[in-house]
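The values are calculated or read from the model by the stated rules, or taken from the named source; none is laboratory data. For clarity, every value in this text was computed on a predicted model and none was experimentally measured. When we count neighbours, we look across all protein chains shown, and the Cβ atoms used for this are built from the backbone with ideal geometry, even at glycine. For accessibility, only protein heavy atoms count, side chains too; no ligands or nucleic acids. Shrake-Rupley method; radii C 1.70, N 1.55, O 1.52, S 1.80 Å.
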Amino acid sequence: MTYILSQFDDLTLVSARQPDPEAFTLCAIGRNEMFFLPAFLEHYRKLGVEQFAILDDRSDDGTLEYLLAQPDVVVFHSRFAYGDTVKLPSALSDQINSGRILYIWRALFFNRFARRGWAVQVDLDEFIHLPAGKRFQDIALQLETEGSTVAYGLMLDVYPTDIAALGAQAHDREIDMGAAWYFDGEPHFRLRQNASPKVLHPGARARLYRAYGTDRLYAELGLPVPQYRNWVHRMRKTRFGTRIPFYNAMQKPVLAHWSDEAIFTSSHNVNVPVSSSMLIPFQHFRFSGALYAKIDMALTENSYSSGSRDHRLLTDLLARMKETDGSFLYKKSQPVTGHAGFEAARVAFGL
């Protein structure tokens, strides 16, 4: 697969700093992320990251200039843009869900930085939490001991108390990591060997869409209902009551030691076995002050998947919440206190 992917590899180094092939590297793709960058770099340096490899997708908010000034960051550009699709050769099209360049980029980064050892790959609004005193190098050693080469992260959409608190954050210039953040404090899925995780709770977005009626927007906008497994647009009765339908995949391969045959089949899955004994939690700041600007950019450029469907749904959700001074909280919401809190809520284990 490495040879086939190489035909799409136009990643061009634009930083004066050259990549260090021996450094433990974090790979990321982003555009206009100054809201998160200072806290992001500080957070991951403490977790053992020695080098950041970042693909800057035409930022115009100071992101590129900020990254170029960092002593441990290498910056790349591509002729493609985030929302582009490419025609895949048959050897890839049979395995990858679509020809989105994003999936190619993710594999190319791991090809470059996770072949000699381990590397991390997250988005710039995603903050992994590890047990106190541990670094990524320690977690990689655990995975090597069990014979695994990839570990899933669990995407926890964190949120403030209510819509008023979110609106107040829209005026902030950067993320406040010390603010009151909450998460859905119940097991989200169970890992399985050689299979995608079994979903137990569909996450905060699905819960909020159901609570505020945003899921009806599909019919109102004439949006197509996805047919693949992770999307179930009907209520299902169980002996425990009515279950919320799934909305979005919450697992992501975040830590890997890459191989020749490995590829990303989507943003959330790879074609090689993933550890079934370790789940790495990360805060996903979807509901932060940056959300309003991200919605505007997504709807203006229509560059995200399925016609920026997610951002259309988020627009409707925020409008409905504003009408009622809506809360993000529910009976199982818990404050973010670090890895110990995630482990106690069973959204992290094995670390």
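A few notes on this one:
- Cα→Cβ-extended label distance, 7 Å offset, between residue 296 and residue 271, nm: 4.1 nm
- Accessible area ranking (1.4 Å probe, heavy atoms, ligands and nucleic acids excluded), largest first, for 31, 210, 79: 79, 210, 31.
- Spin-label proximity, residue 179 to segment 321-338 - amide N less than 14 Å from point 7 Å beyond Cα toward beta carbon: 328, 336
- On full extension, the segment bounded by residue 349 and residue 115 gains 81.7 nm, given 0.36 nm per residue less the C-alpha separation.
- Beta-bridge orientation, segment 4-75: approximately 0 percent antiparallel, per DSSP, counting only bridges with both partners inside.
- Heavy-atom accessible area ranking, 1.4 Å probe, most first, across 90, 333: 90, 333
- Å³ per residue enclosed by the Cα convex hull of the chain: 141 Å³
- Rounded to the nearest 20 debye, dipole of the chain from Cβ charges on Lys, Arg, Asp, Glu: 1640 debye
- Relative contact order (%) - the chain, alpha-carbon pairs under 8 angstrom, separation at least six: 24 percent
- The angle between the Cα long axis of helix 136-146 and the longest principal axis of the Cα atoms of the chain comes to about 90 degrees, rounded to the nearest 10.
- Two-site FRET efficiency, residue 193 against residue 334, from Cβ-Cβ distance with R₀ of 35 Å, rounded to 0.05: 0.75
- Each DSSP beta bridge with both residues in the chain is either parallel or antiparallel, and the antiparallel ones are about 60%.
- For residue 132 and residue 90, a Förster radius of 56 Å and the Cβ-Cβ distance give a FRET efficiency of 0.70, rounded to the nearest 0.05.
- Lysine pair count for the chain with Cα-Cα distance under 26 Å and sequence separation of 8 or more or different chains is 15.
- With a Förster radius of 41 Å applied to the C-beta separation of residue 260 and residue 164, the computed FRET efficiency comes to 0.20.
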